[in-house]
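Step one of this worksheet: look at the structure below.
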Amino acid sequence: MEQMDAPVLELEEPDFFPSDVNPHINISKADTDVELGALSASMGSDKSVNKIEPKSEIKNESVDIKIEKHDIFEEKPKVEIKEEILETSTADDVEDTESIRKEVFLPYQYKEWLPGCVKHPGNIVEPASLAVVDCASDLNSDLYQSLPPETVAQGKLSSLQLESIVKAARRHQVILANGSRAGFFIGDAAGVGKGRQIAGVIMDNYCRGRDKHIWFSVSNDLIIDAQRDLRDIGCFINVIDGCKGIDKGTTLFGLSESIRSGVVFSTYSTLVSNVCTGATKSMKKSRLSQLISWCGGAEFNGCLVFDECHRAKNFVPGDESSSSKVALAVCEIQRALPKARVLYCSATGVTDVKNMAFMERMGLWGESSAFQTYEEFLDTIQKKGLGIAEMLAMDMKRDGLYVSRMLSFSDAQFYNIECNLTDGQKLMYNMAAHIWNEVRKALAVAAYRCRSTKSHNKMFWSQHQRFFQQMCISMKVDMIVKEAKAALEDNKCVVIGLQNTGEASLDNKLSKGGQINSFISTCREILLSFLKTHFPVEIEYEAQSGLAVALQAKKYDEWSIRARDILIGFANQLTLPDR
């Protein structure tokens with residue numbers, strides 16, 4: 001590991017400071033001969049706690065980091081369990097418990113929804129309560145008349161995915177008592193192929209002459225996945241890049257030919273935004289009204305897809321102030337397009353029935369239903385508990401308006417890999433801990449000198465946690481790369497879950513100008529950002545009128561400024577992971 005110089009810092013004693021805070025800040029490189037073995041032992045079987053004690057009182061000398069053991073965890077006596085208690089658990093009881101656990105999920109039963117369809121390649125299960133429910137037997141659809149034969153025969157849409165498309169097509173033929181078209185809900189978990197199913201529903205409707213559709217999702221980057229899913233099943237419909245695509249294709253004479261039909265892929269954040277129009281760009285027009293206008297108004301009968309629809313869960317009927325903007329916009333566009341073929345998609349859409357308020361097209365409440373209002377529906381379900389919620393899901397599947405499947409974990413194996421730290425990484429961690437400790441002491445003195453009333457401790461510990469979390473993750477990268485290469489050589493696929501992409505740190509660097517020639521350390525950016533933004537240097541005045549405060553010139557504490565600048569210097573010198 002790159003060696004740093006041993007900087008020593010001694011600040012002048014302030015005019016006043018709390019008796020329990022030492023204003024002297026002595027920072028230097030830790031002695032490389034510290035007992036790192038004791039620290040690594042604490043992360044293993046040893047139950048002792050290690051504490052780093054820098055010698056802050058020493059002036060003009062290097063600081064040694066000592067690792068002292070404090071045995072605060074005493075060995076607790078073992079609790080003896082009487083034999084008669086163990087005898088109450090028989091082999092039959094264990095077998096009964098295992099059988100109950102196995103019946104939580106049951107294998108998905110393959111059905112030939114269209115002639116010649118291919119079985120889904122994955123090992124799929126569904127909740128046992130839903131597996132025993134058989135949907136209506138007259139669900140045979142004329143879907144084979146719209147979908148290309150090769151799409152079904154070549155397995156571009158599996159039997160499992162065709163089930164959702166068939167049921168959605170049948171459900172969309174139902175008109176609710178309030179005059180709006182009924183919707184369908186895909187509650188499949190990750191890995192089943194919700195994108196393919198959405199693409200299949202759009203393709204079916206496109207082949208039937210409905211050439212305008214809207215697809216909402218959480219991120220504009222997912223438009224690539226949407227285009228891929230449509231192309232993979234043989235659907236080459238035009239995919240319009242949200243409202244920006246509509247803006248580019250709009251001329252003084254109206255919509256250009258390129259955007260008069262197709263799939264508008266938009267995000268929920270765009271749905272609640274506005275755009276400036278007119279010659280002077282002084283008039284504001286909501287994106288919601290723009291999308292409704294593109295659809296053609298109330299006569300629109302294309303697909304209205306809400307992917308990851310749980311984003312609209314915070315809707316309180318009759319109380320707009322308590323509802324989120326996204327939830328209000330989702331409900332408004334459904335009401336403005338009563339003939340649209342609504343498709344809800346989410347793996348976590350019904351974790352709580354109170355989050356289903358925006359699903360007005362499900363027909364679970366309203367005219368000609370068991371519940372006249374959503375409030376009555378919610379009150380009944382919540383009073384009856386989990387059992388009635390399970391019965392609700394079973395009833396929804398039986399009526400052909402809901403599916404919920406997931407990948408089976410029967411063949412999955414889980415194991416942890418221990419990532420042993422090198423001596424350099426241990427030293428890096430110790431140095432970082434020492435620096436943060438000095439920041440804490442200097443922060444207390446600066447807050448006292450500047451008469452700061454802000455809660456600096458809350459922000460300090462928040463950034464402290466972020467810093468060391470990022471450091472621990474960064475130290476695992478080399479081990480992850482090693483394991484990934486070994487898996488690839490063994491002809492296995494590698495899926496890596498990212499905790500943090502570091503994009504915010506990169507954007508922060510780029511916003512300051514200059515050229516970046518190396519990797520950016522997210523840990524360093526967290527520490528520097530805290531020192532530059534939250535370290536108090538300006539003296540706060542006592543509570544006065546707003547005018548009196550405004551007339552007073554700002555005053556800065558020289559000790560606090562010097563302490564901050566020196567700490568920033570140490571943060572820049574500190575060796576940290578370049579990730």
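Quick notes on this one:
- Matching option when the condition is crowded, with 22+ Cβ neighbours inside 10 Å and under 26 Å from the mean Cα position of the chain (by Cα), among LEU337, LEU343, LEU328: LEU343
- Residue within region 316-323 that is more than 13 Å from TRP215 (Cα to Cα), hydrophobic (A, V, I, L, M, F, W, C) and open to solvent by less than 10 Å² (accessible area, probe 1.4 Å) present: no
- Pairs where the first residue, in region 424-453, is of a type in the set (A, V, I, L, M) and the second is open to solvent by 10 Å² or more (accessible area, probe 1.4 Å) and in a helix (DSSP H, G or I), C-beta under 7 Å, 6+ apart: ILE435/PHE570; LEU443/HIS456; ALA447/HIS456
- When HIS310 is tested against (1) of a type outside the set (A, V, I, L, M); (2) in a loop (DSSP other than H, G, I, E, B); (3) within 19 Å of GLY187 (Cβ to Cβ); (4) touching a residue at least 24 places away in the same chain (Cβ under 8 Å), exactly one condition is not met: (2).
- Any hit, region 392-403, residues being more than 30 Å from GLN469 (Cα to Cα), open to solvent by 80 Å² or more (accessible area, probe 1.4 Å) and outside any loop (DSSP other than H, G, I, E, B): yes
- The combined condition, being of a type in the set (Ser, Thr, Tyr), open to solvent by less than 70 Å² (accessible area, probe 1.4 Å) and modelled with pLDDT of 90 or more, is fulfilled by SER289.
- Subset tally (residues that are farther than 20 Å from ARG311 by Cα and either among the polar types (S, T, N, Q) or touching a Lys or Arg at 6+ places or on another chain (Cβ under 6 Å) (or both)) for region 198-222: 1
- Sole residue being over 25 Å from SER273 (Cα atoms), in contact (Cβ under 8 Å) with a residue 24 or more places away in the chain and crowded, with 20+ Cβ neighbours inside 10 Å, chosen from ILE214, ILE240, ILE165, ILE223: ILE165
- Selection count, region 226-237, where residues are open to solvent by 50 Å² or more (accessible area, probe 1.4 Å) and assigned to a helix (DSSP H, G or I): 4
- Matching residues, region 168-177, being touching a Gly at 6+ places or on another chain (Cβ under 8 Å) and surrounded by fewer than 15 Cβ atoms within 10 Å (Cβ to Cβ): ALA177
- Within region 362-378, the only residue that satisfies the criterion of being open to solvent by 40 Å² or more (accessible area, probe 1.4 Å), outside any loop (DSSP other than H, G, I, E, B) and either in contact with a Gly (Cβ under 9 Å, 6 or more places away or on another chain) or under 18 Å from GLY179 (Cβ atoms) (or both) is GLU375.
- Taking the criterion of being in a helix (DSSP H, G or I) and open to solvent by 100 Å² or more (accessible area, probe 1.4 Å), the residues of region 458-499 that qualify are LYS458, TRP461, GLN465, ARG466, GLN469, LYS482, LYS485, LEU488, GLU489.
- Taking the criterion of being within 30 Å of the chain's Cα centre (by Cα) and of a type in the set (Phe, Trp, Tyr), the residues of region 346-376 that qualify are PHE358, TYR374.
- Residues of region 346-361 classified as open to solvent by 10 Å² or more (accessible area, probe 1.4 Å), of a type outside the set (Val, Ile, Thr) and part of a loop (DSSP other than H, G, I, E, B), total: 2
The values are calculated or read from the model by the stated rules, or taken from the named source; none is laboratory data. As the structure is a prediction and not an experimental result, all values here were calculated from the model. Cβ coordinates were reconstructed from backbone atoms using ideal geometry, including for glycine residues, and neighbour counts include every protein chain displayed. Accessible surface is based on the protein model in full, side chains and every heavy atom, while ligands, DNA and RNA are left aside. Shrake-Rupley method; radii C 1.70, N 1.55, O 1.52, S 1.80 Å.
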